[in-house]
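Read the figures in this text as sums done on the coordinates, not as results from a lab. The model shown is predicted, which means the values in this text are computed figures rather than measured ones. Neighbour counts run over all protein chains shown; Cβ positions are idealised from the backbone, glycine included.
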Amino acid sequence: MWPFIFNRVMVCMAIFPLFTACVFVTNHAYAQAIILFVTVPIMLVRFNSFCFFRSVSGGRDRRGAALGCAWAKPGTSEQASAASPPHVVVEDVRGATGLELKSDPGVPAVYAGFGGLMVTTLISYLSHSQVWALQQGSSLFVTGRTNRAKLAFEKEYDELLNAVPELQRAVPES
């Protein structure tokens, strides 16, 4: 399963710089695009071959990565590093307690920002409605809008219009 995942990660690592280089080209940053086009494939091929060599061969020989690391040290032999682990002697055990104090002056600002975010989120759930009316002569033009609860606003709008008294025309007396 690991080689499959590793291959997919390598493909993603190759595609991302190519897209980034294309963005550089569209922004007329040709030098940065050329640097990405030239350096990234070389680094990816070297990284891929290094990881493949380490996972398949286990380092310098086929016995595991730990031997490969020990073998690389100058002056060590394979038998010495494989047969005996390093000798460790505990000379003294001391009790210790650690106390860490820290002060971060930005914490109140972060908490204040978080509180402001919570308050504005709660405010956004409140319904806000507006109604405008214009009377021209004997005509009354009424309109309105709301940000939420459209059906409740429609009902309230109808009740408001029903509460407006009819304008009685004055009949001239003859």
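Descriptive notes on the structure:
- HN-Hα J in Hz across the stretch 37-48 - Karplus 6.51, -1.76, 1.60, θ = phi - 60°, x for Gly and Pro: 5, 8, 7, 5, x, 5, 5, 5, 5, 5, 5, 5
- Once the Cβ-Cβ distance of Phe6 and Val88 is raised to the sixth power relative to R0 = 30 Å, the FRET efficiency obtained is 0.30.
- Length gained on full extension, Tyr157 to Phe19, computed as 0.36 nm times the residue gap minus the Cα-Cα distance: 44.3 nm.
- J(HN,Hα) series, the stretch 139-154, from Karplus relation 6.51 cos²θ - 1.76 cosθ + 1.60, nearest Hz, glycine and proline x: 9, 10, 9, 10, 9, x, 8, 9, 9, 8, 6, 5, 5, 5, 5, 4
- Net lengthening on full extension, Ala133/Ile35 (0.36 nm per residue, minus Cα-Cα): 28.8 nm
- Residues whose placed amide H lies under 5 Å from that of Gly144, excluding near-sequence neighbours: Trp132
- FRET efficiency estimate (nearest 0.05) - Cβ-Cβ, Arg46 to Ala96, R0 45 angstrom: 0.50
- Subtracting the Cα-Cα distance of Thr120 and Lys150 from 0.36 nm times their residue separation leaves 8.7 nm of extension gain.
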